[in-house]
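K.L.:
Pasting in a structure now, in structure tokens, and then I'll have a few things to ask.
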Amino acid sequence: MRKIIQLIISLACVLILCINCAEARRMNPELMKPPSAQAPSQQEQVVRPPEELLCQACLKPNPPPPVAKRVWEAEVRDAATWARLSKTLRGSEYSKFVIDVKTNNIYFVDSNVFTLHADFVVDYLQKLPRTPANMRAYNQNYSTQKPQFMLGYLTHYPEINEWTFSFWEGDTITPKDISRAYKRLQQTFTIANLKFRPDSSNQEKVAARLKPYRIATINNNQIYKALPYQAFNVGKAVGMLHIVPPNANIETIIFADDDIVLLQTSYPDIAPVGGIITTRFSTPLSHVNLRASAWGIPNATIKNVRLEYAKLNGKVVFYEVKEDGFTLREATIDEAEQHKKAVAIKTKVVMPQVDLNTTTLLSLADISATDATKYGAKTANLGEIVRAKLDYVNVPDGFGVPFSYYVAHIKAHGLETKIAAMLQDTRFSSDAAWRKQSLADIRKSIQTAPLDSAVLKHISGQWQSQLKGAGVFVRSSTNAEDLKGFNGAGLYDTVPNVKDEAALEAAIKQVWASVWNLRAVEERNHFGIAHAQVYPAVLIQIAVNAAAAGVLLTTDIWGHQAGTYTINAKWGLGMRVVEGQKIAEQILFDTGNDGTRVISRSDETTMLVARPNGGVIEKAVPKSEAILTEKRAKTLADAATRVGEVFNQADVLDIEWVLETKTGSDAKISQDVFWIVQARPYVLKKVSR
């Protein structure tokens, strides 16, 4: 009994500690208010800084540094001092500085010793215990009114020779304090000229007010576009270098699955290869980059690489991508021989069982994860989210058309036999040109064969009764996508904004036919999936009036910080994001402290929007406007966290979302609504070939 009482007391103490720590965490009021609430003034804003992992920090402050080691400097006037104080990450050098606003003392902090500003200020400088009260007082230094310290960063980008000073993205620092910090840095940091780098949308607005202070600025978007190198997936590979000419029709090119391809144009898709080099930046969450991650191949953007390495075209090369650089050279004789002898170990994806007898058209609200055997994983995953009834998580209404409808269609027109003959022909695996033409013939046959009139009437009736005949997206939901180990991103077709019955029939058949897309077949070959076991279901879902759309990964693919989400966004419908033709707006959202860091802004000049009579049209994007404000990023991240609880067995989720901006009765007031349109495991295979 005594042990039980002691256990209860211990649990109570832990609970009290966690409550105290939670109390010490400060949420940004701007992010906590509903969308219609009025934004507070700068004086009212309070933030949660990155150091505020209080449950851990209260108990585990950093150990003091060795006495003999100099852990800070009052000035930096030579490269040797900078080299000692700074750390290198992804090709950039960074360190920290602290300015005491009461004494005007400046401390250039050794970032190899102190991971966080709090480690230096609280543990070393103030020598205070990390109690909730002390941490609350410390955290006020990230607010507009600085009680004692300004806490900043210094970053050097050697490849573009830019030096910047910045503050945590949630810091609500004023132009006046930025100017004060800049003047103090000018007095003590003399090895380079510094520019202010805003790290959030709010700080970008503050930067626009710095002109009177004559402070040069540079934003992350400018830095991102200027950098000559960006690693998307690290790894090694040996294969023949294949330099693709600019603007080549990539669908006419046949690659070996161990080719190292150099692309000079952004493409929405590519067949499986051994390594990818692109000369133009795009989004790391494009279909090409997502699949490169799934293939486990080195993948990077390297500007100005074609001329330097043109002499290697057609030769067997060694290609390695690291976070901070790359290697591309002719392979040694030993490397080439090892590559020839290596046996390709392909990931064998376990295909789920299928039910080809179900004929019921079910709404998402009636579909669960177990129904993936009938309606495909995409539909089943969305159904699971709907059934969970998560607060503040919205899914567009829709219904599933099961696999059996596709089987009935191809059997009714004798296409089942034709498909089987194609797959059994030896040319299907040995003759790429024959395979490509045969697949095109199969797709055409599926699309031109008329859909049974009773079936079309049944599906159309469900559309009218459940969705009131609203414009819909007709989407693929096969048994060979959104699986653990194989997400199938971009393999199959989606037909947007369908508005009449004739268009509905054509869209359904196009989605069915897309199971035989060349890219889908090549991808399934790569993962050892038997094509005869693949069946397409269809998801018919209300078309949201998208102001913007994008992809969210519940991980940080840039800096690998725990609890940080990577978000890509573009104006209009989401197809532009996953195609990767242009740079997306890229945001890192730290769920631990509500920090919203801007990596890049979208460089699109036009966006896709729904056309009133069906289909899509292009229109100009809003000028000089961020897609994901701090409030929007938090709302989306909160929704993603809730969705993650439904799929708690997946390490990382790949979530597609749509932003709808609803205007109320007062035209000046609008409300943001985020819709989740897909959730699947994110596949990241890190191997060296």
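The values are calculated or read from the model by the stated rules, or taken from the named source; none is laboratory data. All values reported here derive from a predicted model rather than from experimental measurement. Using ideal geometry, Cβ is built from the backbone for each residue, glycine included, and neighbour counts are taken over all protein chains shown. Surface accessibility is based on the protein's heavy atoms, side chains included, excluding ligands, DNA and RNA. Shrake-Rupley method; radii C 1.70, N 1.55, O 1.52, S 1.80 Å.
K.L.:
Around residue 317, which amide H atoms from residues at least 5 apart in sequence, or from another chain, sit under 5 Å from its own amide H, with H modelled in the peptide plane?
P.N.:
239, 240, 241, 331
K.L.:
Right, something else. Please give the net charge around residue 565, taking every other residue with its beta carbon less than 10 angstrom from that of residue 565, where Lys and Arg add +1 and Asp and Glu add -1.
P.N.:
Neighbour charge sum, excluding residue 565 itself: -2.
K.L.:
Another question, if that's okay. Take the solvent-accessible surface of the protein heavy atoms, probe 1.4 Å, and return the percent of it on the range 399-536 that carbon and sulfur atoms account for.
P.N.:
52
K.L.:
Continuing with this model, one more query. What ranking do 605-611, 399-405 get when scored by the average of other Cβ atoms within 10 Å per residue, highest first?
P.N.:
Packing proxy ranking, top to bottom: 399-405, 605-611.
K.L.:
Under the 0.36 nm per residue contour assumption, what length would be gained going from the current alpha-carbon distance of residue 359 and residue 209 to full extension?
P.N.:
Length gained, residue 359 through residue 209: 47.8 nm.
K.L.:
Right, something else. In nm, to one decimal, how far is the residue 348 label point from the residue 370 one, both placed 7 Å along Cα→Cβ?
P.N.:
2.8
K.L.:
Report the local net charge at residue 484: Lys and Arg +1, Asp and Glu -1, summed over other residues whose C-beta lies under 10 Å from its C-beta.
P.N.:
Neighbourhood net charge equals -1.
K.L.:
Could you run the Karplus curve 6.51 cos²θ - 1.76 cosθ + 1.60 with θ = phi - 60° over the range 647-653 and give me ³J(HN,Hα) per residue in whole Hz, x for Gly and Pro?
P.N.:
For the range 647-653, the Karplus-derived couplings read 10, 6, 8, 8, 5, 9, 9 Hz, x marking Gly and Pro.
K.L.:
Let me ask you something else. How far is it, in nm, from the label point at residue 327 to the one at residue 652 when both lie 7 Å from their Cα along the line to the Cβ?
P.N.:
So the label points at residue 327 and residue 652 sit 2.4 nm apart.
K.L.:
Please sort 420-427, 533-540, 432-439 by packing, taking for each peptide the average over its residues of neighbouring beta carbons within 10 angstrom, highest first.
P.N.:
533-540, 432-439, 420-427
K.L.:
List the trypsin sites (Lys or Arg not before Pro) within the range 608-660 that DSSP assigns to loop and that have no more than 11 neighbouring Cβ atoms inside 10 Å.
P.N.:
Sites meeting the loop and neighbour criteria: 623.
K.L.:
Over 21 Å between Cα atoms: which of 378/484; 127/176; 340/484; 102/183 fall into that group?
P.N.:
127/176; 340/484
K.L.:
Which value in nm describes the separation of the simple spin-label points at residue 416 and residue 253, placed 7 Å from the Cα toward the beta carbon?
P.N.:
Placing both labels 7 Å beyond Cα along the Cβ direction yields 4.0 nm.
K.L.:
Taking amide H positions as placed 1.01 Å from N in the peptide plane, with prolines and chain starts having none, which residues 5 or more places from residue 652, or on another chain, fall under 5 Å of its amide H?
P.N.:
682
K.L.:
Could you give the length gained on full extension between residue 307 and residue 424, defined as 0.36 nm per residue of separation minus the Cα-Cα distance, in nm?
P.N.:
Taking 0.36 nm per residue and subtracting the Cα distance, the gain is 37.8 nm.
K.L.:
Moving on to the next point. I want the local charge near residue 177. Using Cβ-Cβ distances under 10 Å, sum +1 for each Lys or Arg and -1 for each Asp or Glu among the other residues.
P.N.:
With Lys, Arg at +1 and Asp, Glu at -1, the net is +2.
K.L.:
Would you please give the FRET efficiency between residue 225 and residue 433, computed as 1/(1 + (r/R0)^6) with r the Cβ-Cβ distance and R0 = 45 Å, to the nearest 0.05?
P.N.:
The value I calculate is 0.70.
K.L.:
In percent, how large is the relative contact order of the range 588-656, given Cα pairs closer than 8 Å and 6 or more residues apart?
P.N.:
Worked out over the range 588-656, it gives 25 percent.
K.L.:
If packing is taken as the mean number of other Cβ atoms within 10 Å per residue, what is the order of 356-368, 74-86, 233-245, highest first?
P.N.:
233-245, 356-368, 74-86
K.L.:
Decide, for the range 459-616, between rounded, prolate and oblate: order the square roots of the alpha carbon gyration tensor eigenvalues as a ≥ b ≥ c, take rounded if a/c falls under 1.5, and otherwise choose prolate if a/b is larger than b/c, else oblate.
P.N.:
Taking the square roots of the gyration eigenvalues as a ≥ b ≥ c, the range 459-616 is oblate.
K.L.:
With θ set to phi - 60°, apply the Karplus curve 6.51 cos²θ - 1.76 cosθ + 1.60 along the range 242-248 and write out the HN-Hα couplings as whole Hz, x wherever there is a Gly or Pro.
P.N.:
Once θ is set to phi - 60°, the couplings for the range 242-248 become 10, 8, 8, x, x, 6, 5 Hz.
K.L.:
Right, something else. Residue separation times 0.36 nm, minus the C-alpha to C-alpha distance between residue 79 and residue 216: what's the value?
P.N.:
Difference between extended and current length: 47.1 nm.
K.L.:
Still on this structure, please answer the following. Using a Förster distance of 51 angstrom, determine the FRET efficiency expected from the C-beta separation of residue 183 and residue 454, and round it to 0.05.
P.N.:
0.05
K.L.:
Calculate the FRET efficiency for residue 606 and residue 500 from the Cβ-Cβ distance with a Förster distance of 25 Å, rounded to the nearest 0.05.
P.N.:
0.45
K.L.:
Is the shape of the range 520-569 best called rounded, prolate or oblate, per the rule: a/c under 1.5 gives rounded, else a/b larger than b/c gives prolate, else oblate, with a ≥ b ≥ c the square roots of the Cα gyration tensor eigenvalues?
P.N.:
oblate
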